[in-house]
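Inspection log for the structure reproduced underneath, given as C-alpha cells.
The values are calculated or read from the model by the stated rules, or taken from the named source; none is laboratory data. Since this is a predicted model, take the numbers as computed values, not measurements. Using ideal geometry, Cβ is built from the backbone for each residue, glycine included, and neighbour counts are taken over all protein chains shown.
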Amino acid sequence: MNADRFDTVIDEKEVSLFNIFNNHISCYITNYGARVVNLVVHDNLSAPVDVVLGFDSIEGYLEASEKYHGATVGRYANRIANGRFSISGTEYNLQLNNPPNSLHGGVSAMHNQVWSVINHESDSITLQHLSPHMAEGFPGELVTKVKYELKGSDLVISYQAVSTDDTIINLTHHSYFNLNGEGSGTAMNHDLLLNSEYYTPINKDTIPTGKLDLVSGTPFDFTTPKRLGLDIDQQDQQLEFGYGYDHNFIVNNYEKDTLGFVGRIVGDVSNIILEVWSTEPGVQLYTANHLDGTDMGKRGVKYAKRSAFCLETQHFPDSPNQPQFPSTLLSAGATYESTTEYRFGVK
C-alpha cells in the first residue's frame, strides 16, 4: 500500500499508515480510528489474500458512507437505548446518532479520532487515545490503549483503559471480513460455527428485549457449521428487525478475564479459516446488511450488501440499562482490560 496516501493532518494531529508483519501475516494500520486498513494472509494455494474491506487512502475513510471499516470502536460499542444510562442515580445523555439510540459511542467517538502511536515495532503497534470528561456525553476522562500484535498467523488485539470517574465501557474491533478477499463478492457462502447456544433477541429499534433465547430450531443456530446465508432470508421477525443478522450471541461457558473460543468461519473459495477467541461474553454477528454499493474498495470494486461479515467481540448491547446482563461499569481508577485474537489458517 502507498503510505503517502494516508499522510495528512486532522484536528492538528498527524495521520499516517503503519505496517506490521511477520513471515505469516501482514497488516497495515492507520492511527485515524486505530483501524486495520489491510490484512494479508495466505490461502490454500499459498497466495496472498487481503481479507478486510477498506480503502487505499485517508480520503476513502473520511468520505465513506460506512464509517467503521476496521476501526477501534468505543467508548461503548453497539447500541444504548434512547442514548441514556445512569450511574449511582445520575443520568447521562448521549448522541442519538442511530435514532432513537446511541451507536458505537457517537459521531465523534474513537473511530473518528486521531490516536497517538506510543510504540511501533516490526510485528506490533500500540496506540493511545485520551477522551475528555463528558466527551459524547460519557463521564470521566478516559485513557485508552489498543495494541495490535502479530503472533504466528494470529492478529492479537489487546485493550486497556482507565477513567478518572465511574463510567461505562465496551470496546470492540470492527473489521469487515471476506475470507475470499475484499471486493470478491458475497460472503454469505462462508461456513460459520459459533460457540453459542443463546442469543439476545432485539426489538424493532434493534435494542435487546432482555431475554436470552435458545438458537436451537431458529435461523440463529450456528452450533454446527452452516453456510452463513443459508437462513438469512427466511421469514423471521428477528431477521426482519436486523435486516439479516445483526445480533449479539452469548459465548458458551464464559469466564471473566479468560480467553475463550467464540467461533470459526471458513472461506468457501479460499479455504482460509478464521477462528475468533476473546475474553468477552458476547459477539455481534453482522452480515453487512447496510452496505449498498456506495463505497468503492481497494481493488476498485463497490462494496455491496452482504459482501462481508463482522464478528465483533463485546459485552452485550444496552447493558447499562439491563442489569441482568454482565456489567460494563468501569470504576474510577480501575483498569479495563480485554483481548481478542483473530487466528488464521487454511483448510
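Looking only at the stretch 87-110, how many residues end up being surrounded by 15 or more Cβ atoms within 10 Å (Cβ to Cβ) and not β-branched (Val, Ile, Thr)?
Counting residues in the stretch 87-110 that are surrounded by 15 or more Cβ atoms within 10 Å (Cβ to Cβ) and not β-branched (Val, Ile, Thr) gives 14.
Being in contact with a Ser or Thr (Cβ under 6 Å, 6 or more places away or on another chain) and hydroxyl-bearing (Ser, Thr, Tyr): is that true of Ser158 here?
Working: in contact with a Ser or Thr (Cβ under 6 Å, 6 or more places away or on another chain): yes; hydroxyl-bearing (Ser, Thr, Tyr): yes.
Spelling it out, Ser158 is indeed in contact with a Ser or Thr (Cβ under 6 Å, 6 or more places away or on another chain) and hydroxyl-bearing (Ser, Thr, Tyr).
How about the stretch 111-125: which of its residues are surrounded by 20 or more Cβ atoms within 10 Å (Cβ to Cβ) and part of a strand (DSSP E or B)?
Val114, Ile125
Quick check on my filter: what residues within the stretch 90-110 are farther than 18 Å from Ile58 by Cα and not in a loop (DSSP other than H, G, I, E, B)?
Within the stretch 90-110, Thr90, Glu91, Tyr92, Asn93, Asn98, Asn101, Ser102, Leu103 meet the criteria.
Do any strands (runs of 3 or more DSSP E) entirely within the stretch 8-86 hold 2 or more residues that are modelled with pLDDT of 95 or more, within 19 Å of the chain's Cα centre (by Cα) and crowded, with 23+ Cβ neighbours inside 10 Å, and if so, which? Lay out the reasoning, then the answer.
Numbers: elements: 8-10, 13-15, 17-21, 26-30, 35-42, 48-50, 71-73.
Answer list for the stretch 8-86: 26-30, 35-42, 71-73.
Where the second residue is among the charged types (D, E, K, R) and the first is in contact (Cβ under 8 Å) with a residue 60 or more places away in the chain and lies in the stretch 194-211, which pairs have Cβ atoms under 7 Å and are six or more apart or on separate chains?
Thr206/Arg79; Thr206/Asp246; Ile207/Arg79; Ile207/Asp318; Pro208/Asp318
Checking the conditions here, which among Val301, Val283 is out of contact with any Ser or Thr (no Cβ under 7 Å at 6 or more places or on another chain) and either buried (at least 16 other Cβ atoms within 10 Å of the Cβ) or in contact (Cβ under 8 Å) with a residue 24 or more places away in the chain (or both)?
After applying the criteria, what remains is Val301.
Consider the stretch 126-155. How many of its residues are surrounded by 17 or more Cβ atoms within 10 Å (Cβ to Cβ), assigned to a strand (DSSP E or B) and of a type in the set (A, V, I, L, M, F, W, C)?
Total satisfying the criteria: 5.
Six or more apart or on different chains, Cβ under 6 Å: which pairs go from a residue in the stretch 121-148 that's under 15 Å from Asn31 (Cβ atoms) to one that's of a type outside the set (A, V, I, L, M) and assigned to a loop (DSSP other than H, G, I, E, B)? Could you list them?
Listed by first residue and then by second, the contacts come to Leu127/Asn31; Leu127/Trp115; His129/Gln113; His129/Trp115.
With the structure loaded, tell me whether Thr206 is on the phi > 0 side of the Ramachandran plot, of a type in the set (S, T, N, Q) and assigned to a loop (DSSP other than H, G, I, E, B) or whether it fails that test.
yes
Give the residue, chosen from Thr186, Thr223, that is assigned to a loop (DSSP other than H, G, I, E, B) and under 28 Å from Asp295 (Cα atoms). Steps first, answer last, please.
Working: Thr223 fails: under 28 Å from Asp295 (Cα atoms).
On inspection, the qualifying residue turns out to be Thr186.
Residues of the stretch 51-81 being in contact with a strand residue (DSSP E or B) (Cβ under 9 Å, 6 or more places away or on another chain) and of a type in the set (S, T, N, Q), which ones?
Answer for the stretch 51-81, where residues must be in contact with a strand residue (DSSP E or B) (Cβ under 9 Å, 6 or more places away or on another chain) and of a type in the set (S, T, N, Q): Thr72, Asn78.
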